[in-house]
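Undergrad: Before we start, here is the structure in question, set down as structure tokens.
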Amino acid sequence: MSVALAVTITTPEETLFEAEGVLKVRVRLADGGWLSIYPRHAPLIGEIAPGAVQITTAEGETSVLVDSGLVRVSPDRVLVLVGRSDVPFDAGDAEVDTGEVLRYERLVRELLSALRSAEDDQAPSGKAHTESRGMP
């Protein structure tokens, strides 16, 4: 397994940042806490708040300002999916770009589908699995 991360930060329109050899990624979660991600991190998906995604490499640190979105972590990869890349978005009275919304929803559906598939592949079969999720 790698001792570094591959990181991609993307919107429905473009890839904002892509790098290999990343030592640490730090994102603000939707609940206000920070998540620091190092190589070999446990897999997870989380909702992130608008702000800076901090990326640390051997050469130094950089930040990418993003809107709210999702982060998907695997032991050697971090994927950040966001709606926009500029100053955090507040819809207020602004018109909604339905094309952007549809592209973002498609990305979210694909990510959730991949998560469900990974959970199904790793889940033990039988009653214990459903009970561990708090289901009767």
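Just so you know, all these numbers are worked out from the coordinates, no wet-lab data involved. In this text the structure is predicted, and so the values were computed from the model without any measurement. Neighbour counts are summed over all protein chains in view; Cβ atoms, including those assigned to glycine, are modelled from backbone coordinates with ideal geometry.
Undergrad: Can you list the HN-Hα couplings for the range 6-20, worked out from phi with the Karplus curve (6.51, -1.76, 1.60; θ = phi - 60°), rounded to whole Hz and with x for Gly and Pro?
TA: Each residue's phi maps through the Karplus curve to give 9, 10, 10, 10, 9, 10, x, 8, 7, 8, 8, 7, 8, 7, 10 Hz.
Undergrad: With a 10 Å radius around each residue's Cβ, average the other Cβ atoms per peptide and rank 8-17, 26-35, highest first.
TA: 8-17, 26-35
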